[in-house]
1. When the helices in the chain are scored as -39500 (n - 2.57) per DSSP H run of 4 or longer and the sum is shared across all residues, what 222 nm value do you end up with, to the nearest 500 deg cm²/dmol?
2. Could you work out the equivalent-ellipsoid semi-axes for the chain, taking the square root of 5 times each eigenvalue of the Cα gyration tensor, largest first, in whole Å?
3. Taking the Cα-to-Cβ direction at Ile61 and at Phe36 and moving 7 Å from each Cα, how far apart do the two end points lie in nm?
4. How big is the dipole moment of the range 18-86 about its Cα centre under a simple scheme where the beta carbon of each Lys and Arg is +1, that of each Asp and Glu is -1, and everything else is neutral? Debye, nearest 20, please.
5. If I take every Cα pair under 8 Å that is 6 or more residues apart in the chain, average their sequence separation and divide by the length, what percent do I get for the relative contact order?
6. Just want the answer: with Cβ charges of +1 for Lys and Arg and -1 for Asp and Glu, which residue in Val34, Asn17, Ser49 is farthest toward the dipole's positive end in the chain?
7. Taking the chain as the reference, fit the longest principal axis to its C-alpha atoms, fit the long axis of helix 9-21 to the helix C-alpha atoms, and give the angle between the two in degrees, 0 to 90, nearest 10.
Amino acid sequence: ENKNVPLSSYPLNALINGYSQSGDLRKAAYWLGVFFQKGVAPTKETYTSIMHACARAGNPIKAQGYLDEMKQLGIRPDAVAYTSVIE
């Protein structure tokens, strides 16, 4: 981690999306935790990717939990987010 370069949601979302595509929910969830540890605001894309990871891992209950968390943070889900929950 370079202390001179601020961390943004873009590289973290890329990591979550990569782990989501491979179905690795544990690693995708780890990187979501990094968002909060580093004070980076997660985005709609963050949650859509992690809910997709839940779907690939066959864990719709966890996906619903992330959908609820997303709403609690004031991030409005779109059709893609809802589809990720029911995949």
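What follows draws every value from the coordinates through simple rules; no lab data is involved. What you see is a predicted model, and the numbers here were worked out from it, not measured in a lab. No Cβ is skipped: glycine too gets one built from the backbone with ideal geometry, and neighbour counts run over all protein chains shown.
1. -22000 deg cm²/dmol
2. Result for the chain: semi-axes of 21, 14, 10 Å.
3. 1.9
4. Dipole about the Cα centre, nearest 20: 100 debye.
5. 27
6. Of Val34, Asn17, Ser49, it is Val34.
7. Result, in degrees: 40.
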